[in-house]
Amino acid sequence: MATKKPAQPTFLLAENESKGNIPKAIEAAKKSIRQAYSSEKERKLKKLGYKLKAEDIDWHEPMPQDALGLAKFTWPEYPMKAEENAQLEKEWNVFKAQCQAQIDQLKAKQKRLEKEYIDQSALRNQQLFQAGQKGLYAQPMPAFTAKAMIKLGSTVSDVLGNTSFVFANEFNKVLQAKEKVTEYENILIEKQKGIDQKYKDLIGEGKANPFEAVYKDENGIRSEYLTTANSDLKMVNQAHLKYTQRKINDLLYYYRYTTWPEQFELFKVIAQIAWLAQIKDQPVAFKAESRYCTNSIAKAGKAKPLQNFDDVACKYVSVLDMGVYKIVSTCINLTGAFNFGGVKIDVTSNVETGRYAGSAELGVNKSYKGPKGSKTEAEVSAAGLLEWDNTGITNIGAVVGVDGKIDGHTIAGIEVKGTINSGVSTTGKGLLSDIK
């Protein structure tokens, strides 16, 4: 078993830097960091005068469009006519009651998760302190935190640090629309005064009592009010909720890779409560139809079941099994095991005590011969690759290669490299150099 530094771009970086060729050193560092991000490499780039960009980092897990399933939630229509007001108002009351019932359940869950988060944070801090006292290594943050901050930071830069999932700036437009509705209400009041004046001498015992005409006039101005007010409200509410939906998903995706599981579960519940509260409390204008209507009877509000949230548990579970090496990666952790030729490595416990940055390849070679009398020989090599820095393990993988002779002719075969950061690549050498 041997230990060596495997990352060729790292050697190129050091060589070019020593020769004063900064541009080439930067390119070598960028190539190395694309293969496997680490905060040490990022600091090296910064020292060379280059600020790492999101496009410099590979990210293999696509961003979900709607991880919580927020777009699946529906609510009643906005009343646009006085004749439909009573029915839709009842439907809105049912909808709001359903939302509030689910909010109450989630708030109880939130209290339990807050306690779990506090307990786990205290335990993790204690473990970090004890490890430091003993000179041992303990991972202070999730494995992908530093990488995710660079790669995903731009998607949440305008709301970074928001853990309430309520976005006040966008809600200001809703408040402005509500103020406009007050103006429409005042206009309606003045128009109603005109109708009252028009029919004041015609309504009463022994008078003409043109109820149908009054009903038509009153419903006309009330429908006009509902159409104007709710058209405005619907437009700003849709824009606000669409923005809220996108930002909740952006933040949850970001927190999925930058927070510990118990904290993420808490954030997820807070996000669900925030969404339910905002769709429940979206402002809607209501105005009953004319009191002279005697034929309209509102049916009981429809009790449609409330949409369930989709699960945002870590769906990023990648398993790379190359026979001699198996890697399992989740949103916050990297684990792996190397087993070839009697050499076994468990990378979860292989970081050297006191070392906060480095890389290593540990492996073996094996020779094989063909059938007796054959001139076929093969050399199979396999190595487990491990890179780490002070944030923990940053990359793990394996390199497997085959070189040999067939009927006495020397060939260079195929090399397969697979890491959790760069994926799997296959390259041919010698006679097989066209393989990619």
Open item on the list: Take the residue pairs Lys90/Lys242; Lys147/Lys242; Lys173/Lys287; Lys72/Lys287; Lys41/Lys115 and return only those whose Cα atoms are more than 30 Å apart.
Closed with: Lys41/Lys115
TODO: Taking the dipole about the Cα centre of the stretch 70-280, with the C-beta of Lys and Arg at +1 and of Asp and Glu at -1, give me whichever of Leu175, Gln110, Ser231 is farthest to the positive side.
DONE: Gln110
Task: Relative contact order for the stretch 65-190, counting Cα pairs under 8 Å that sit 6 or more residues apart, in percent - done: 9
Task: Summed side-chain charge close to Gln126 - residues other than Gln126 whose Cβ falls under 13 Å, Lys, Arg +1, Asp, Glu -1 - done: +1
TODO: State, to one decimal in nm, how far the label point of Gln176 lies from the label point of Lys72, with both points 7 Å from Cα in the Cβ direction.
DONE: 3.5
Task: Simple Cβ-charge dipole of the stretch 70-280, Lys/Arg +1 and Asp/Glu -1, about Cα centre, in debye nearest 20 - done: 1100
- [ ] Classify the stretch 70-280 as rounded, prolate or oblate, taking a ≥ b ≥ c as the square roots of the eigenvalues of its Cα gyration tensor: rounded when a/c is under 1.5, otherwise prolate if a/b is larger than b/c and oblate if not.
- [x] prolate
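Any idea what the relative contact order of the stretch 70-280 is, in percent, if you count C-alpha pairs under 8 Å spaced at least 6 apart?
Relative CO of the stretch 70-280 lands at 43 percent.
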Open item on the list: If each residue of separation counts as 0.36 nm, what is the full-extension length gain between Asp58 and Asn169 once their alpha-carbon separation is subtracted?
Closed with: 36.7 nm
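Read-outs throughout are calculated quantities, based only on the coordinates presented, and are distinct from any laboratory measurement. As the structure is a prediction and not an experimental result, all values here were calculated from the model. Positions of Cβ are backbone-derived with ideal geometry, glycine not excepted, and every protein chain shown enters the neighbour counts.
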